[in-house]
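S.K.: I have a structure here, written as structure tokens, and I will follow up with some questions on it.
The values are calculated or read from the model by the stated rules, or taken from the named source; none is laboratory data. Computed from a predicted structure; not experimentally measured. Every residue, glycine among them, receives a Cβ derived from its backbone with ideal geometry; neighbour counts consider all protein chains shown.
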Amino acid sequence: MKFFDNHKMLFTVATLFFVVLTILVAIIPAVNNQNRNRPLPGAEPLSAEAAKGKAVFIANGCVACHTQQVRNVDMDKIWGSRPGVPADYAGITRTSIWQNTATLMGTERTGPDLTDIGNRQPSRDWNLVHLYNPRIVVEASVMPAYPWLFTIKDTPDENDVVVNVPPDYMKGKKGKVVATSDALNLVAYLQSLKQVQLPDGMPEPAFLYKREIEQSTTPGKGPDGAALYIANCQSCHQANGEGLPGAFPPLKGSKVVNDDANLELYVDIIMNGYDARPEYGAMAPIGTIMNFSEQDVAAIINHERSSWGNNGKKVTPEEIKKIMDFVKLKAATQ
Amino acid sequence: MQRLKPAITVPFLLCILMMMVPAAAQEAGKTGYSLLATGPWWRGLMLALAVAMLAVAALMVLKVIELRNSSNQRSGADEKERYQEHLRRLTSKQIDAVLQYKKKQGNHTGVMRLLITCLITATLALSGSHQLMAQAPVSSEPSSLLGEGGIIITIILVSIPVLATLILLTVRLSNMAKRYRRRAQLIEAAAFADYLKSLPDEVVENVLKKRKAALDYSLSQQELSGTQQPDDARGLLQIKGEPGLPVVAAKKKALPRPHIDPRLSRLVLWYLGTATWWLLFGTTVGEYVGIKFLAPDADHLPWLSFGRLRPVHTNAVFWGWASLAMLGLGYYIVPRVSNVKLASIRMGWYALYCINASVVIGTICLMAGINNGGGEYREYTWPVMLLFGIGLALTLINYWKTIAARATKQIYISNWYIVSAVIFTIVIALAAYLPYWQNGLGETIIQGYYMHQGVGMWFMLFTLGIVYYFLPQQLNKPIYSYSLGILAFWTQILFYTLIGSHHFVFSSIPWWLQTVAIVGSMGMAIPVIAGTTNFLMTFKGAWYKVRDSYTLPFFLVGIIFYFTGSMQGSAEAFRFTNLVWHFTDFTVAHSHLTMYGIISFLLWACTYAVVPRLTGREAPHWSIGAHFWMALVGLLFYSVPLMIGGTLKGLAWMQGKPFIESVELMGPYWLWRAIGGSLMWLSHIFFAYNMYKMIARKEAIDVRETAILQLQKAATLHPEPIA
């Protein structure tokens, strides 16, 4: 065809075709989404520390393994209480003149999603130990260690944040491990990652592809306490229930766990967190964050009371339900 | 005929029996496994089984008919004719035996018996062994309905006895046929022996002796050549030396191409040479990153940490290896198919500097922790990418001017693809790096567009262009269909541009945009099938060339992966497959099947095709073979375990298992990935060695060439006096 024998015509037509399609499927939707969406009313802008921490997060390429998106599918429920909406990302703008916007949605989930990590794992102590070497707290982890975010000091100052690293991971180094400002900022950023509640009246997108076999369909059996423990408790209290000395208390032989007289406190800790013992880090209100049902709590308690040589009384979801209602009320009135 | 009756009736009975088997099996499917019967693939399997059984039934009927016919033939056909046929088919040795026997006939009748025994053993051997009968049916009780894995187990259990029955019936029937045939043949052999005994002498003389002479005839091997040395006036003969016992297959030598500007050669070789360096560097980094999955504490240096090295690997192989190799090959092809010189060799060098500088600086920046903020393949900051863009712009001007000055009327299809790829990539880079539409979700939408257009419009489009040149050249025949190439060109633009957002299915980007991307991914079947058909049909009639070429196997692997890798990408875009595979290592396997299986294999094919033409030197064929096999086997070891592991990981997530379990289960698959990756990496050492051999090797002194040169030198120093 004569038309195609003219290089100017041929390449102009091809380019126009491509450019028009580009504008239709990329540029216009991008501009629309940029202009139409505003941050949610409850969203807080990053603090100065968290913003610096985000820069550390970006510089070290954490997005290679950690996504920050809760998809509207049932399997993503464990990463947040609701699917992500455009407004969640609306407040994120260009990082600097040299760097583009970092929504950090990611495309691979070699590690857990971090959308709601600030709620799920708010403990600074845990995060610092985990950053120094993830295998201290999660044995099977393949995450890189970040010892260069810490320094070793013989005599830390009053303001220094000392990280309790087990001797095995000190590699013969003497002194105390002290978090640098980079490490503290990074943790501040992680702590700031919380899903914001949608304002009243805004419809919440549904989770699709619901799992057909729900745990509650088998009456009498209930949820798997061991799996719940692995998913929610093990990273601090460890698989052997011994915790981490100086950071997380042991559950093995614990009075709170074993003595039935402490059941109310026990449920209270699971649902509302705990920070009564200065020698250990604070515990997050994990039960409330993860929306535990009385079946879940009973399963966890029964698992913990029957593992690692513990020998406590079995509980039923019914009695837990009563206590849960009570401690919820107590937490609300406090 | 009487004897035949059971032979016919039994199979018929068996046929009826066998027809009942699928019915029974289906009944079991309806009653015992009501849940399974509803599954479409269960129905598919039952259908396949039923078809198999029908096929066996048909086979049996055919066998019976055959048996019947042969018995009719035996009883009715002219005996003499058959004996004549037997006579014609006697081997030289057998004829010898008959002649010997005829000589001694009268005093040594025993010889006849010997011949008969010979014949009988031969027929026995023909009739095959009974060993097949040993196949026993594996009976297996279908177990009760199990959980999810139970579906598979149940179906296997159900199909084992059914299949075993089928096999047994087939074996039984064919054995029966064999037994019957053997008996008939024994009778025939005895009759034939009698016939031989009674042969008159003139037949022996005229028929058998002539036949023996004919069978014993053999060529002298010089019928065509004669005994004289050939007179090769046109230089057509290429006589290989004594082949000896080759350890590796001998391949055809590359043809020298004399009329290439040495300055252009140098430019192309530098592109390919630096590309080879980036391949080595990038995959060394990749190998190390892969090992870190197994040994996360291998080092504790910030510059070598996983998150920083991963983009170093991807960007080095993208912008370093593949891009430079493509551009270098483009610098060879564009002027060649335009039948003019390259517009500006100097500009080509500037582009080379820019792109190499971009990758060097980009690598250092990434390792130092300076990146663009998280978008995959968009990790280089804009000043770094600007250098790459300048390189592209210079290349575009150069290609454009060359094509504008072309001596051909048409623009060869290669140039359509190549020039469009360069233009589109500049558009893509602008869309990705201009800040006006990058806030909030805008960044994500652009990211989806960018990462997929980078792959589809830069690497794939450009590589297709160079394949459209080098594949026909290596096969020494024109491309199968120019029109298919044009169809693929326009449909690639139409569908590929739409599919970017399929990397963010179920994310908060607009649902309609996700749907458009999924539909576009389906549409990609058109250009992919058009392209694959075109390439494979070009091979038609020239498949034999694959055997003794060392470039064509690379092309073939690249084309196969072009089809499977691309179609796999389309399948991955479905919403359901996104549930299982998204975010898992399956994606990593896919990107290696495509970027490595398609792009790298095709680039190697073209590199091995062009470099010997530029330098006149070839790499050792064994070493090219080592490169090919290690890369191919390595890629399969790399990707198949990752696909299996990725699927298991996705299923574990869907079942709500604790996350850390999905990390632990990947252990063995990551190990296999590291093993496959090591093979791939080793193959690149061979590739680098081959490049060295093709480019830098100092040639041993060519005695003939040197002698001529010395003669010429002498002639210029002492010119003959002009008469």
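S.K.: Counting just the residues of the stretch A:76-132 that are among the hydroxyl-bearing types (S, T, Y) and assigned to a helix (DSSP H, G or I), which one comes out nearest to the other protein chains (Cβ to nearest Cβ)?
M.R.: Among those residues, the one meeting the criterion is A:Y89.
S.K.: Now for a different question. Within the stretch B:453-466, is there a residue that is polar (S, T, N, Q), touching a residue at least 12 places away in the same chain (Cβ under 8 Å) and more than 14 Å from chain A (Cβ to nearest Cβ)?
M.R.: yes
S.K.: Please verify whether B:A431 is assigned by TED's automatic domain parsing to the domain that holds B:V360, assigned to a helix (DSSP H, G or I), at pLDDT 95 or above and more than 29 Å from the chain's Cα centre (by Cα), treating the condition exactly as stated.
M.R.: Considered against the rule, which asks whether it is assigned by TED's automatic domain parsing to the domain that holds B:V360, assigned to a helix (DSSP H, G or I), at pLDDT 95 or above and more than 29 Å from the chain's Cα centre (by Cα), B:A431 comes out as no.
S.K.: I would also like to ask the following. Can B:I493 be described as within 11 Å of chain A (Cβ to nearest Cβ), assigned to a helix (DSSP H, G or I) and surrounded by fewer than 23 Cβ atoms within 10 Å (Cβ to Cβ)?
M.R.: yes
S.K.: Count, please, the residues in the stretch B:480-534 that happen to be closer than 18 Å to A:F11 by Cα and more than 27 Å from the chain's Cα centre (by Cα).
M.R.: Qualifying residue count for the region: 2.
Residues are listed down the side, and each one gets a yes or a no for (1) over 38 Å from the mean Cα position of the chain (by Cα); (2) at pLDDT below 70:
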position: B:E141; (1), (2): yes, yes
position: B:L166; (1), (2): no, no
position: B:R179; (1), (2): yes, no
position: B:E188; (1), (2): yes, no
position: B:F192; (1), (2): yes, no
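S.K.: For the stretch B:519-538, give me each residue that is part of a helix (DSSP H, G or I) and surrounded by 19 or more Cβ atoms within 10 Å (Cβ to Cβ).
M.R.: B:G520, B:S521, B:P527, B:V528, B:A530, B:G531, B:T532, B:N534, B:F535, B:T538 - these are the residues of the stretch B:519-538 that are part of a helix (DSSP H, G or I) and surrounded by 19 or more Cβ atoms within 10 Å (Cβ to Cβ).
S.K.: Also: Which ones in the stretch B:546-588 are within 12 Å of chain A (Cβ to nearest Cβ) and over 23 Å from A:A64 (Cβ atoms)?
M.R.: Result: B:R575, B:F576.
S.K.: Taking A:N302, is it surrounded by 16 or more Cβ atoms within 10 Å (Cβ to Cβ), at pLDDT below 85 and either assigned by TED's automatic domain parsing to the domain that holds A:V165 or over 22 Å from A:W79 (Cα atoms) (or both)?
M.R.: Spelling it out, it is not the case that A:N302 is surrounded by 16 or more Cβ atoms within 10 Å (Cβ to Cβ), at pLDDT below 85 and either assigned by TED's automatic domain parsing to the domain that holds A:V165 or over 22 Å from A:W79 (Cα atoms) (or both).
S.K.: Additional query: Provide a single number: the residues in the stretch B:657-674 that are in contact (Cβ under 8 Å) with a residue 40 or more places away in the chain and among the aliphatic types (A, V, I, L, M).
M.R.: Looking only at that region, the number is 3.
S.K.: Among the residues in the stretch B:636-656, are any in contact (Cβ under 8 Å) with a residue 40 or more places away in the chain, small (G, A, S), in contact with a helix residue (DSSP H, G or I) (Cβ under 9 Å, 6 or more places away or on another chain) and over 30 Å from A:Q234 (Cα atoms)?
M.R.: Yes, the conditions are met somewhere in the stretch B:636-656.
S.K.: Would you mind finding the one in A:I23, A:I27 that is at pLDDT 95 or above, more than 7 Å from every other protein chain (Cβ to nearest Cβ) and assigned to a helix (DSSP H, G or I)?
M.R.: Within the list A:I23, A:I27, the selection yields A:I23.
S.K.: Using the structure shown, decide if A:P41 is free of Cβ contacts under 8 Å to residues at least 12 places away in the same chain, out of contact with any helix residue (DSSP H, G or I) (no Cβ under 9 Å at 6 or more places or on another chain) and not assigned by TED's automatic domain parsing to the domain that holds A:C233.
M.R.: No, not satisfied.
S.K.: Would you mind finding the one in B:R617, B:R613 that is assigned to a helix (DSSP H, G or I), touching a Lys or Arg at 6+ places or on another chain (Cβ under 7 Å) and touching a residue at least 60 places away in the same chain (Cβ under 8 Å)?
M.R.: B:R613
S.K.: Could you give me the residue pairs with C-beta distances under 7 Å whose first residue belongs to the stretch A:51-74 and is within 9 Å of chain B (Cβ to nearest Cβ), whose second residue is assigned to a loop (DSSP other than H, G, I, E, B) and among the aromatic types (F, W, Y) wherever it lies, and which are 6+ apart or on separate chains?
M.R.: What qualifies is A:R71/B:F506; A:N72/A:F207; A:N72/B:F506; A:V73/A:F207; A:V73/A:Y209; A:V73/B:F506; A:D74/A:F207; A:D74/A:Y209.
S.K.: Look through the stretch B:357-379, keep the residues that are without any contact (Cβ under 8 Å) to a residue 24 or more places away in the chain and part of a helix (DSSP H, G or I), and return whichever of them is farthest from the other protein chains (Cβ to nearest Cβ).
M.R.: Among those that are without any contact (Cβ under 8 Å) to a residue 24 or more places away in the chain and part of a helix (DSSP H, G or I), it is B:V360.
S.K.: Condition first: charged (D, E, K, R) and either buried (at least 24 other Cβ atoms within 10 Å of the Cβ) or more than 25 Å from B:G676 (Cβ to Cβ) (or both). Can you find one or more residues in the stretch B:546-553 that meet it?
M.R.: Checked the stretch B:546-553: at least one residue is charged (D, E, K, R) and either buried (at least 24 other Cβ atoms within 10 Å of the Cβ) or more than 25 Å from B:G676 (Cβ to Cβ) (or both).
S.K.: I've got another one for you. Only one of these is surrounded by 20 or more Cβ atoms within 10 Å (Cβ to Cβ) and under 21 Å from A:T115 (Cβ atoms): A:L193, A:L198. Name it.
M.R.: A:L193
S.K.: Could you give every pair whose Cβ atoms fall below 9 Å, whose first residue belongs to the stretch B:416-438 and is farther than 23 Å from B:Y468 by Cα and within 10 Å of another protein chain (Cβ to nearest Cβ), and whose second residue is assigned to a helix (DSSP H, G or I) and among the acidic types (D, E), counting only separations of at least 6 or pairs across chains?
M.R.: Short answer, once both residue conditions are applied: B:W437/B:E443.
S.K.: Within the stretch B:300-312, track down each residue that is facing chain A (nearest Cβ under 9 Å) and over 16 Å from A:S141 (Cβ atoms).
M.R.: Matches in the stretch B:300-312: B:L301, B:P302, B:R308, B:L309, B:R310, B:P311.
S.K.: Can you tell me which of B:A407, B:A393, B:A421, B:A432 is small (G, A, S) and under 20 Å from A:Y89 (Cα atoms)?
M.R.: B:A432
S.K.: Oh, and also: Only one of A:A14, A:A43, A:A50, A:A59 is under 24 Å from B:S501 (Cβ atoms) and surrounded by fewer than 23 Cβ atoms within 10 Å (Cβ to Cβ); which?
M.R.: Within the list A:A14, A:A43, A:A50, A:A59, the selection yields A:A14.
S.K.: Let me ask you something else. Go through the stretch A:296-320 and give me each residue that's assigned to a helix (DSSP H, G or I) and β-branched (V, I, T).
M.R.: A:V297, A:I300, A:I301, A:I320
S.K.: Taking the residues in the stretch A:233-292 that are in a loop (DSSP other than H, G, I, E, B) and acidic (D, E) as candidates, determine which candidate is farthest from A:G118 (Cα to Cα).
M.R.: A:D259
Condition check ((1) surrounded by fewer than 21 Cβ atoms within 10 Å (Cβ to Cβ); (2) within 14 Å of chain A (Cβ to nearest Cβ); (3) under 33 Å from the mean Cα position of the chain (by Cα); (4) in a helix (DSSP H, G or I)) across all residues:
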position: B:G656; (1), (2), (3), (4): yes, yes, no, no
position: B:V663; (1), (2), (3), (4): no, yes, yes, yes
position: B:P668; (1), (2), (3), (4): yes, yes, yes, yes
position: B:R673; (1), (2), (3), (4): no, yes, yes, yes
position: B:G677; (1), (2), (3), (4): no, no, yes, yes
position: B:L682; (1), (2), (3), (4): yes, no, yes, yes
position: B:Y689; (1), (2), (3), (4): yes, no, yes, yes
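S.K.: Additional query: From the list B:W490, B:W511, pick out the single residue that is within 25 Å of B:F539 (Cβ to Cβ) and without any contact (Cβ under 8 Å) to a residue 60 or more places away in the chain.
M.R.: Result: B:W490 is the single residue among B:W490, B:W511 that is within 25 Å of B:F539 (Cβ to Cβ) and without any contact (Cβ under 8 Å) to a residue 60 or more places away in the chain.
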